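Laboratory data are not the source of any read-out in this text; all were calculated from the coordinates shown. A quick note: this is a predicted structure, and the numbers were derived from the prediction, not measured. Positions of Cβ are generated from backbone atoms using ideal geometry, with glycine treated the same way; all protein chains shown enter the neighbour counts.
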């Protein structure tokens, strides 16, 4: 590597950000092998070839309380700033998590770096006043959803739609995991997804177990898999569950295998609902929250739906209880119905197929890498040929 190789800095604070960044890093290394790609992030970014300076994306900022989280982010921001003082960054790529990444963007802009946001902040859904901050702290926004490019451009922010890494022909299946083992049992086959952060598991783990027990009362032969996003999540769920219900297996890093296996899923809302969309499997989205948080969501959130499959479909294609502070009975009723209604599940699967097809023909990793290089005028192997 040349001593003056341009430096591209990635910062990610969630497991989902780690997953989004990895194929982009891999494509950048292919397009320009002379680049120095440095990251504060997670294991997938490291496996893609980034030079890791800090692990910040293993468990969604650790699922720690709000004040501690703010202090932790400030500490990381200072660490990155001190590193950038002696390492000239050409491009800073903040990955998702705008609240955590904005302080880094501000410092990198002051040091002369270009800033390219990977994963557009969902300002179309809430917090539109933040668009002014985004204009100051970005040079380009890479959008994963089809309607976002036009929305950001209409609000004065350069943007490019590249497709979604989960919903495209070049989707990288998760590594074959030794943890995956084909469950033995009957139908329906139920997948439980407790979230990628510890705090999500804490809020929703008991609810998922209650739903599963209700399904098994109606369908005693039902088989279930709890798919944990990380060993941290697995340990947290185990602490909540104690002994798992009969016919239930807990596995880690098996989302692709589990989505292909199941008849339907109950998932804590997040990007994982797109994994189910890719597999064309029905999903019920849940997110337990307090009454005050639910009231705030109704006031602040402008989009009519919360789950990505519904946002993309423009209708309530899959049931969503996000956020939810009420009793569990309505969710259980829907889950039991889905367990027994194969016709309804097939109808949802057809709708998910229509949603997934709107992403066809895109390679998000490669297209994002090209945008990053173009924004700062760095050449690529393609342009040299």
(request) Output the relative contact order of the chain, whole-number percent, from Cα pairs under 8 angstrom with separation of 6+ residues. (result) 17 percent
(message) Between 0 and 90 degrees, rounded to the nearest ten: what's the tilt of helix 291-300 against the longest Cα principal axis of the chain?
(response) 50 degrees
(message) For the chain, take the longest principal axis of its alpha carbons; what is the angle in degrees between that and the long axis of helix 329-340, to the nearest 10 within 0 to 90?
(response) 80 degrees
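By counting other Cβ atoms within 10 Å of each Cβ, how are 362, 164 ranked from fewest to most?
Working: 362 20, 164 25.
So the residues, fewest neighbours to most, are 362, 164.
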(request) Return the calculated 222 nm mean residue ellipticity for the chain, to the nearest 500 deg cm²/dmol, obtained by summing -39500 (n - 2.57) across DSSP H runs with n ≥ 4 and dividing by the residue count. (result) -14000 deg cm²/dmol
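Quick one: in the chain, what % of C-alpha pairs are over 33 Å apart?
Values: 22550 of 73920 pairs.
Above the 33 Å cut-off, the chain has 31 percent of its Cα pairs.
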(request) Express the Stokes-Einstein translational diffusion coefficient of the stretch 186-357 in µm² s⁻¹, to the nearest whole number, given a Kirkwood radius over alpha-carbon pairs, 4 °C and a viscosity of 1.567 mPa s. (result) 81 µm²/s
(request) Using only alpha carbon pairs under 8 Å that are at least six residues apart, calculate the relative contact order of the stretch 228-385 and give it in whole percent. (result) 20 percent
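Express the C-alpha Rg of the stretch 280-385 as a ratio against the empirical globular expectation 2.2 N^0.38 Å, rounded to two decimals. Before the final figure, lay out the partial values.
Numbers: Rg = 19.8 Å, N = 106, 2.2 N^0.38 = 12.9 Å.
Dividing the Cα radius of gyration by 2.2 N^0.38 Å gives 1.53.
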(message) As I understand it, the value is the acute angle between the Cα axis of helix 15-31 and the longest principal axis of the Cα atoms of the chain; what does it come to in degrees, rounded to 10?
(response) 40 degrees
